[in-house]
Amino acid sequence: MSNLPPDVKNKLGLVQVYTGEGKGKTTAALGLAFRAVGRGLEVVMVQFLKPPEDYGEHISASRIDNFTILPLGLDHMASKVPRKEDMEVSEAALAKAEELIYSGKYDLVILDEINVAMSWGLVDADKVLDMLKKRPANIEVVLTGRGAPPPIIEYADLVTEMRPVKHPFNKGVHARKGIEF
């Protein structure tokens, strides 16, 4: 458990949602994580649907003592028609997220792409909501990804919707190392 001064720890405990069709949800969560570790908070990011590959955030997090990223997805992005394997891996990631939230070790828990996992039926939104409602006091939780379910949006303290205005992908520019991953 972190040794934060009580005035810092006592102000934690909100639920934040970064959703929408625009780019930047994971990036916003990583920015928050960067700020949090700078203030001495213990941070963990559980990545649903993302495998342990060559992502820039994995490289950076490995260099920061109080920031852990756990990529718990498969070597492919699940689709809207989930396979049994996709559902099993997502359920295991949810169980790990719950374990980490209740562990008392982390001040900020980021559930990256969990909104997509819920919207595709890979994890049950009611289970996620129950986990959020029963979490210990003073644990900040961030949920990212497109398609945040209405009950999650209603429960959250902060909801930011990313909206695309322009994107280089529309001009044929694909994901670039160091910028998109």
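The values are calculated or read from the model by the stated rules, or taken from the named source; none is laboratory data. Everything numeric in this text was worked out from a predicted model, so none of it was measured. Using ideal geometry, Cβ is built from the backbone for each residue, glycine included, and neighbour counts are taken over all protein chains shown.
A few points about this structure:
- Sole residue being surrounded by 11 or more Cβ atoms within 10 Å (Cβ to Cβ) and among the small types (Gly, Ala, Ser), chosen from Ala137, Ala156: Ala156
- The residues on offer are Ala95, Ala29, Ala61, and the sole one that is free of Cβ contacts under 8 Å to residues at least 12 places away in the same chain and not hydroxyl-bearing (Ser, Thr, Tyr) is Ala95.
- A single member of Gly172, Gly178, Gly121 is modelled with pLDDT of 90 or more and over 30 Å from Leu12 (Cβ atoms), and it is Gly121.
- Hits in the range 15-47 (condition: out of contact with any strand residue (DSSP E or B) (no Cβ under 6 Å at 6 or more places or on another chain) and over 18 Å from Val116 (Cα atoms)): Gly31, Leu32, Phe34, Arg35, Gly38, Arg39, Gly40, Glu42
- When the range 33-53 is filtered for residues that are at pLDDT 90 or above and not β-branched (Val, Ile, Thr), the ones remaining, listed by number, are Ala33, Phe34, Arg35, Ala36, Gly38, Arg39, Gly40, Leu41, Glu42, Met45, Gln47, Phe48.
- Top-ranked residue of the range 38-67 - restricted to ones that are crowded, with 18+ Cβ neighbours inside 10 Å and of a type in the set (Val, Ile, Thr), ranked as farthest from Asp86 (Cα to Cα): Val43
- Boolean, Tyr106 is within 16 Å of the chain's Cα centre (by Cα) and of a type in the set (Phe, Trp, Tyr): yes
- Test: residue in the range 159-170 that is surrounded by 13 or more Cβ atoms within 10 Å (Cβ to Cβ), out of contact with any Asp or Glu (no Cβ under 9 Å at 6 or more places or on another chain) and not aliphatic (A, V, I, L, M): yes
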